[in-house]
Amino acid sequence: MAAKFKIRKGDRVVVISGRDKGRAGEVLKVLREQNRLIVQGVNMVKRHTKQSPGQTGGIVDKEGSIHVSNVAIADPKGGTATRVGYKFLDDGRKVRIARRSGEVIDQ
């Protein structure tokens, strides 16, 4: 069974370990079965692609996947890495909050 993440597509995340430590980007895709994410501008790899009618061939830079444990949500206030918590608002909605600042993470 796939794990449930506190990180979703569209979130701004910061890489906390590995080759791209310190880089930030937006989550483009969540691969729950493999516990991995694809983050914009992080873990860039080169792919040799064959020419097709729709695109030219050659060496293309694209994002590789990164393990979910190597990233953390960026705090909406300061942009630093933070943990995620949950809170119920007065109108009954359950929202994610940044543990560092207490700010609500955009939904």
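No lab work stands behind these numbers, since they all come straight from the coordinates. Everything numeric in this text was worked out from a predicted model, so none of it was measured. Cβ atoms come from the backbone with ideal geometry, glycine included; neighbour counts cover every protein chain shown.
Give the aspartates and glutamates whose C-alpha is closer than 16 Å to that of LYS46, dropping any in the same chain fewer than 8 places away, or say none. The reachable aspartates and glutamates, counting only those whose Cα sits under 16 Å from LYS46, are ASP20, ASP61, GLU63. Taking other residues whose beta carbon is less than 14 angstrom from the beta carbon of VAL60, and scoring Lys, Arg as +1 and Asp, Glu as -1, yields +2.
Rg and Dmax over the alpha-carbon atoms of the chain stand at 16.5, 55 Å. From the alpha carbon centroid of the stretch 3-59 to that of the stretch 88-105 is 27 Å. Between LYS29 and THR56, the C-beta separation translates, for a Förster distance of 30 Å, into a calculated FRET efficiency of about 0.80. Mind listing which trypsin sites (Lys or Arg not before Pro) in the stretch 22-104 are in a DSSP loop and have 13 or fewer other Cβ atoms within 10 Å? Within the stretch 22-104, the qualifying trypsin sites (Lys or Arg not before Pro) (loop, at most 13 other Cβ atoms within 10 Å) are LYS50, LYS77, ARG83, ARG93, ARG99. Among VAL104, ILE66, GLY22, which residue has its Cα positioned farthest towards the positive end of the charge dipole of the chain, with +1 placed on the Cβ of Lys and Arg, -1 on the Cβ of Asp and Glu, and the dipole taken about the Cα centre? Result: ILE66.
Structure note, pairs LYS29/LYS77; LYS21/LYS77; LYS21/LYS50: Cα-Cα distances above 26 angstrom occur for LYS21/LYS50. Overall, the chain carries a charge dipole of about 280 debye about its Cα centre when +1 sits on the Cβ of Lys and Arg and -1 on the Cβ of Asp and Glu, all other atoms neutral.
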